[in-house]
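The values are calculated or read from the model by the stated rules, or taken from the named source; none is laboratory data. Note that the coordinates shown come from a computational prediction; the quantities given were computed from them, not determined experimentally. Neighbour counts are summed over all protein chains in view; Cβ atoms, including those assigned to glycine, are modelled from backbone coordinates with ideal geometry. Please note that ligands, DNA and RNA were not included when accessible areas were found on the heavy atoms of the full protein model with its side chains. Shrake-Rupley method; radii C 1.70, N 1.55, O 1.52, S 1.80 Å.
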Amino acid sequence: MGRGHPECPARLAAIQDRLIAAQLWDFLLHVDAQPATWEQLARVHDADYLDRLATLVPAQGYVHLDPDTAINPYSLNAAYHAAGAGVLAVDLVMQGRANNAFCAVRPPGHHAEHDRAMGFCIFNNIAVAARHAMEAHGIERVAIVDFDVHHGNGTEDIFCHDERVLMVSIFQHPFFPYCGDVPRGPNMLNVPMPRASTGVQFREAVTEKWLPALDAFAPQFIFISAGFDAHLEDDMSSMGLVEADYAWVTRQVRQVAKKHAQGRIVSMLEGGYDLSALGRSVAAHIKELSGL
Ligand SMILES: [Zn+2]
């Protein structure tokens, strides 16, 4: 995204470091992603948008897709691989080669809408993965759980009124991208939270709103837009979640997945910009996902 930008390569290094330090790394199956195909991306994105992106890649330097989102000569390749990671994760889970999966990817995805990049996001990775589960594997109902501090407007844009999908989310409001307080479809369970909310309010919202809706929907596959920028130490937001809250919500989602979805979960990295807090939070999340 450019020098000094918070959505930076060091984020993935911080995650890897922490997984090694927490002695989780050696017990996980690591798989490198292939790029998503044009057809897989076109299940959620406008064909003209996909074609136009390829023409915008600069030979050097940066091109801005929106005020917050830039690409350099390598960004589109990274974005293809980020989306491809979700596709591969779905395949591995459906084939029984993994119980669940976490995709440590950049750029993030949940702000990318049907026909535009936004908020550091180029392709909507979680949407591409969810559609792949439905189109390639015959999954009839998917739930998308989004605990990033920002509203997943892109995912809502793509899936509102798709009754095969239930999206549950929490986000700081009012805050970027300044929407979500009025859901765009009956399948969107948006829970805006005032600034300075902590794990107490978060757990209350999950328990009272998300869990009954998820249980009633009985998803066959659960996707997590895993953003960790609501962390107390993350300057991007004004919320107060800590690692224990991420572990707790992961446990709740895992229980729903066990009951309805044969344990199938694919979680994909969204935000999280304080490197230490990000590493620790992802480690807590993966510890719960893996049952280690
Ligand atoms: Zn975010």
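Here is how the numbers come out for the structure above:
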quantity: Those residues of the range 91-115 which are assigned to a helix (DSSP H, G or I) and not β-branched (Val, Ile, Thr), in sequence order; calculated: Asp91, Leu92, Met94
quantity: Residues satisfying the stated conditions in the range 135-159, i.e. within 23 Å of Met239 (Cβ to Cβ) and not in a loop (DSSP other than H, G, I, E, B); calculated: Ala143, Ile144, Val145, Asp146, Asn153, Gly154, Thr155, Glu156
quantity: Odd one out for Leu88, checked against (1) open to solvent by 20 Å² or more (accessible area, probe 1.4 Å); (2) more than 16 Å from the ligand (Cβ to nearest atom); (3) outside any helix (DSSP H, G or I); calculated: (3)
quantity: Residue among Asp229, Asp245, Asp235 that alone is within 23 Å of Asn125 (Cα to Cα), within 16 Å of the ligand (Cβ to nearest atom) and of a type in the set (Asp, Glu); calculated: Asp229
quantity: Cross-chain or 6+ apart pairs with Cβ under 7 Å, the range 109-138 first and farther than 20 Å from His81 by Cβ, then part of a strand (DSSP E or B) and away from the ligand (no atom under 16 Å from the Cβ); calculated: Met134/Val142
quantity: Qualifying positions in the range 145-159 - of a type outside the set (Asp, Glu) and either within 14 Å of the ligand (Cβ to nearest atom) or open to solvent by less than 10 Å² (accessible area, probe 1.4 Å) (or both); calculated: Val145, Phe147, Val149, His150, His151, Gly152, Asn153, Gly154, Thr155, Phe159
quantity: Qualifying positions in the range 257-292 - outside any helix (DSSP H, G or I), within 16 Å of the ligand (Cβ to nearest atom) and among the small types (Gly, Ala, Ser); calculated: Ser267, Gly271, Gly272
quantity: Subset tally (residues that are free of Cβ contacts under 8 Å to residues at least 60 places away in the same chain and charged (D, E, K, R)) for the range 45-60; calculated: 2
quantity: Matching option when the condition is farther than 27 Å from Gln262 by Cα and open to solvent by 70 Å² or more (accessible area, probe 1.4 Å), among Arg43, Arg18, Arg11, Arg97; calculated: Arg18
quantity: Residues (open to solvent by 10 Å² or more (accessible area, probe 1.4 Å) and polar (S, T, N, Q)) located in the range 241-262; calculated: Gln252, Gln255, Gln262
quantity: Matching residues in the range 213-240 - criterion: being under 28 Å from Ile139 (Cβ atoms) and either β-branched (Val, Ile, Thr) or open to solvent by less than 10 Å² (accessible area, probe 1.4 Å) (or both); calculated: Leu214, Pro219, Phe221, Ile222, Phe223, Ile224, Ser225, Ala226, Gly227, Phe228
